[in-house]
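Worksheet: one structure, shown below.
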């Protein structure tokens, strides 16, 4: 389990992370989300002791990671997959890690096979594609069969098969009792991978909890309503408004927020409105993310040009 309590990091006058607290639980995948500059990588580096916190604490299984007597068995981490000398081979790099951490040599073969890197392992890292470098970084993180896994953008550069592989890998590790903390900018992939999310904005905690709870709290549920051609919209629209709901037109349908399908159905029956469609609309993690971080985006793009 990772426990972050009151974590703050300043660089001069710049506050990168401020009073951040959250828990990444054992046996679950926790996604760390936020716009660029939100403090995700800084937070991961403080958890791993690579950056010293200005104040607060970050504990892994009850202790600071820097105090671990066997670091690679406690935490496997990939923060920068390119942090390998390009002139070394993948196998040589992993062999050195295993030797310096007193890990059995056979474990190198196991992680190479697990990550699909056995065949190219004799090649120099400088010849690798971005996806291959990512796989090597994950292999290194897994080398010590760690109790906790911390991955920063692990699917960056991977093809669809590789993205699916990472998803299945981290979920299977969590199911076996590993604590997994990972970051990603791919909301759709995070929605399929993570159990819980921690959302940051400008270094502060914006939301945390199970994905379904965070999405429900950040977004309003809606229902798509389409009336039969012969049925005017005004009576139902007026009834929805009187009942505390809101409506907006989209194409040939109405989107109703603030009321559920059953309530809308009763109002339609009462007003004599003939329904052709009544479909609940589920908000996505991406919808919730944009709603939660709309005031925390440090870098915004301009409009389109013609």
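Taken together, the values in this text are just the output of simple stated rules run on the coordinates, not laboratory data. Everything numeric here is computed off the predicted structure, so don't read it as measured data. Quick reminder, even Gly has a Cβ in these numbers, built from the backbone with ideal geometry, and neighbours come from all protein chains shown.
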| field | residue 53 vs. criteria touching a residue at least 24 places away in the same chain (Cβ under 8 Å), closer than 21 Å to residue 23 by Cβ, in contact with a strand residue (DSSP E or B) (Cβ under 8 Å, 6 or more places away or on another chain) and assigned to a strand (DSSP E or B) | value | no
| task | Only residues in segment 194-205 that are on the phi > 0 side of the Ramachandran plot and touching a residue at least 40 places away in the same chain (Cβ under 8 Å) count as the first member; pair them with residues that are assigned to a loop (DSSP other than H, G, I, E, B) and surrounded by 19 or more Cβ atoms within 10 Å (Cβ to Cβ), Cβ under 8 angstrom, at least 6 apart or cross-chain, and list the lot. | result | 202/38; 202/39; 203/38; 203/39
| field | Top-ranked residue in segment 93-115 [being under 29 Å from the mean Cα position of the chain (by Cα) and buried (at least 16 other Cβ atoms within 10 Å of the Cβ); ranked as nearest to residue 82 (Cα to Cα)] | value | 93
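For residue 197, state whether it is assigned to a helix (DSSP H, G or I) and surrounded by 20 or more Cβ atoms within 10 Å (Cβ to Cβ). If you could, list the steps in order and put the result at the bottom.
Numbers: assigned to a helix (DSSP H, G or I): no; surrounded by 20 or more Cβ atoms within 10 Å (Cβ to Cβ): yes.
For residue 197, the condition - assigned to a helix (DSSP H, G or I) and surrounded by 20 or more Cβ atoms within 10 Å (Cβ to Cβ) - is not met.
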| task | Spot the failing condition for residue 162; the list is (1) under 15 Å from residue 135 (Cβ atoms); (2) touching a helix residue (DSSP H, G or I) at 6+ places or on another chain (Cβ under 6 Å); (3) not in a helix (DSSP H, G or I), and only one is missed. | result | (3)
| task | Select from segment 116-138 the residues that are touching a residue at least 40 places away in the same chain (Cβ under 8 Å) and either under 15 Å from residue 184 (Cα atoms) or within 20 Å of the chain's Cα centre (by Cα) (or both) and write down the one among them that is surrounded by the most Cβ atoms within 10 Å (Cβ to Cβ). | result | 138
| Taking the condition surrounded by fewer than 18 Cβ atoms within 10 Å (Cβ to Cβ) and either on the phi > 0 side of the Ramachandran plot or within 9 Å of the chain's Cα centre (by Cα) (or both), does residue 186 pass? | yes
